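Engineer: Dumping the structure here so I can ask a few things about it.
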Amino acid sequence: MSARSFNDALVTAVAGLGTEEFGDRFLAVLRTLAGTDLCSAFELVGDGAPRYLFSAGRHPDIPDFAESASLAYARDYWQRDRATRRALVQTAGSVQLVRQAWNGITDPDYRKTCYERGDVVERLTLYAGGERPIFASAYRTRASGHSSPAEVEALEGAASLVMALLTKHLEIAHRSVDGQPAPLPELARRLLDSGHALSEREAAVAAALFLGRTQREISVATGIALSSVITYRRRAYRKLCVSDRRGLADFLHALDQRH
């Protein structure tokens, strides 16, 4: 890793805070540090379960592997992840790096779905404790091999900075017009009443995106096909004259100020 490449990736990631492009830019930071191919990020919700935030990286044979494996983990396998459960107990107020090899996972279903299926051989996870615990994992596939001691050391050395970056992204992405997370129906109603001729589904999808939901999460929660969610998002953004979540946040802040 060169200092210049890391700084360039960091600057690009900062410019993407709060936007849909942040996941790919966050992966670029991890890649410069530890040569990783994929990444995912989660936060802990009230019941202690992880909520999927985003994933990034394109698998050569399974294009949606990063997202599908991350969603499966949050839905079905996180309770079987002993490394994560131990780390989350130990990281209050700190950042901890845990290295996990694929063959160290004893649960066969979890190992097959989240590792073997995508030829993932290693996971490097950063856990940040505190009032709102979050964790981000960087994955290496068989093509890249296991990380070197120097790469692990580089990621560990930048761990606090990397997780501060993720924390800031969440603050911006979850920001609401009054400084607190507004309920989805309330946000959808504001968008419907904004005078931009949004349909109810366009407003609902835009509101969910503003609150940090992914398009796939919206599809699963509503039963609307993913392709339709994408269409509603595009229509809503076009009518509101915005191009991403940051623009949507700015629109809602301006709307609140006018009222």
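The values are calculated or read from the model by the stated rules, or taken from the named source; none is laboratory data. Values in this document were obtained by computation on a predicted structure and should not be read as measured data. We place every Cβ from the backbone using ideal geometry, glycine too, and count neighbours over all the protein chains shown. Accessible surface areas use protein heavy atoms only, side chains included; no ligands, DNA or RNA. Shrake-Rupley method; radii C 1.70, N 1.55, O 1.52, S 1.80 Å.
Engineer: What is the gain in length, in nm to one decimal, between Arg238 and Ile172 on full extension, counting 0.36 nm per residue of separation less the C-alpha to C-alpha distance? Don't skip to the end; give the middle numbers.
Structural biologist: Working: separation 66, 0.36 × 66 = 23.76 nm, distance 2.16 nm.
Contour length minus Cα-Cα distance gives 21.6 nm.
Engineer: Using a Förster distance of 41 Å, how high is the FRET efficiency between Arg142 and Ala221, based on the Cβ-Cβ distance and rounded to 0.05? Each step should come with its number before you reach the end.
Structural biologist: On the way: r = 34 Å, r/R0 = 0.83.
Rounded to the nearest 0.05, the efficiency is 0.75.
Engineer: Can I ask one more? With every protein chain in place, what's the accessible area of Tyr232 (1.4 Å probe, Å², nearest 10)?
Structural biologist: Rounded to the nearest 10, that gives 40 Å².
Engineer: Another one. In the neighborhood of Glu43, defined by Cβ-to-Cβ distances under 12 Å, what is the net charge if each Lys or Arg adds +1 and each Asp or Glu adds -1?
Structural biologist: My count for the surroundings of Glu43 gives 0.
Engineer: When the helices in the chain are scored as -39500 (n - 2.57) per DSSP H run of 4 or longer and the sum is shared across all residues, what 222 nm value do you end up with, to the nearest 500 deg cm²/dmol?
Structural biologist: On the way: 12 runs with 131 residues, N = 259.
Helix-only estimate at 222 nm: -15500 deg cm²/dmol.
Engineer: How large a share of the accessible area of the chain, in percent, is made up of carbon and sulfur atoms when the probe is 1.4 Å and the other protein chains stay in place?
Structural biologist: On the way: 6110 of 12430 Å².
Carbon-and-sulfur percentage of accessible area, whole number: 49.
Engineer: Here's a follow-up. Report, in debye and to the nearest 20, how large the dipole of the stretch 1-47 comes out about its Cα centre when Lys and Arg carry +1 and Asp and Glu carry -1 on their Cβ. Write out the running numbers ahead of the final one.
Structural biologist: On the way: 3 positive and 7 negative charges, 64 e Å.
For this selection, approximately 300 debye.
Engineer: Something else about it: Estimate the FRET efficiency between Glu116 and Val14 by the formula 1/(1 + (r/R0)^6), using the beta-carbon distance for r and 35 Å for R0, to the nearest 0.05. Display every interim value, and only then the final one.
Structural biologist: Details: r = 35 Å, r/R0 = 1.01.
Plugging the Cβ-Cβ distance into 1/(1 + (r/R0)^6) gives 0.50.
Engineer: Please work out the C-alpha center-to-center distance from the stretch 5-50 to the stretch 180-257 and express it in whole Å.
Structural biologist: So the separation of the two Cα centres works out to 23 Å.
Engineer: Pop a pseudo-label 7 angstrom from the Cα along the beta-carbon direction at both Arg99 and Ala3 and give the gap in nm to one decimal.
Structural biologist: Taking the two extended label points, one gets 2.5 nm.
Engineer: I'd like to check one number: the per residue accessible area of the stretch 36-79, probe 1.4 Å, reported in Å² as a whole number. Walk me through the numbers before you get to the answer.
Structural biologist: On the way: 1780 Å² over 44 residues.
Value for the stretch 36-79: 40 Å² per residue.
Engineer: Would you mind giving the three semi-axes, in whole Å and largest first, of the ellipsoid equivalent to the chain according to its Cα gyration tensor? Intermediate values should be presented prior to the final figure.
Structural biologist: Working: eigenvalues 212, 78, 61 Å².
Calculated on Cα positions only, the semi-axes equal 33, 20, 17 Å.
Engineer: Based on the Kirkwood radius over alpha-carbon pairs, what value in µm²/s does the Stokes-Einstein equation return for the translational diffusion coefficient of the stretch 1-97 at 25 °C and 0.890 mPa s? Each step should come with its number before you reach the end.
Structural biologist: Values: Rh = 14.8 Å.
D = 165 µm²/s.
Engineer: Another question, if that's okay. What accessible area per residue, rounded to a whole number of Å², is obtained for the stretch 220-259 using a probe radius of 1.4 Å? Present the calculation step by step, with values, prior to reporting the outcome.
Structural biologist: Values: 2420 Å² over 40 residues.
Heavy-atom accessible area per residue stands at 61 Å².
Engineer: Something else now. Top mean-square fluctuation among Ile172, Ile134, Ile62, Gaussian network model of the chain, C-alpha springs under 10 Å?
Structural biologist: Ile62
Engineer: Please work out how much length the chain gains when fully extended from Asp76 to Ser160, using 0.36 nm per residue of separation minus the C-alpha to C-alpha distance, in nm with one decimal. Spell out each step's value before the answer.
Structural biologist: Values: separation 84, 0.36 × 84 = 30.24 nm, distance 2.88 nm.
Extra length available between Asp76 and Ser160 comes to 27.4 nm.
Engineer: Solvent-accessible area of His146, probe 1.4 Å, all protein chains present, reported in Å² to the nearest ten, please.
Structural biologist: His146 has an accessible surface of roughly 100 Å² with all protein chains in place.
Engineer: Could you work out how much longer the chain between Asp24 and Ile230 gets when fully extended? Use 0.36 nm per residue separation minus the Cα distance between them, nm to one decimal. Don't jump to the answer; show the numbers that get you there.
Structural biologist: On the way: separation 206, 0.36 × 206 = 74.16 nm, distance 1.85 nm.
72.3 nm is the gain from fully extending Asp24 to Ile230.
Engineer: Something else now. For the chain, modelled as a GNM with alpha-carbon contacts under 10 angstrom, which of Ser94, Ser147, Ser160 fluctuates the most?
Structural biologist: It is Ser94.
Engineer: Further question on the same structure: Sorting Lys112, Lys168 by accessible area (1.4 Å probe), largest first, what list results?
Structural biologist: Working: Lys112 130, Lys168 95 Å².
Accessible-area ranking of Lys112, Lys168, largest first: Lys112, Lys168.
Engineer: Related question: Return the single residue from Glu156, Glu116, Glu67 with maximal mean-square fluctuation; model: Gaussian network over the chain, springs between Cα atoms under 10 Å.
Structural biologist: Highest fluctuation of the listed residues: Glu116.
Engineer: With every protein chain present, what accessible area does Thr12 have (1.4 Å probe, heavy atoms only), rounded to the nearest 10 Å²?
Structural biologist: The accessible area comes out at roughly 70 Å².
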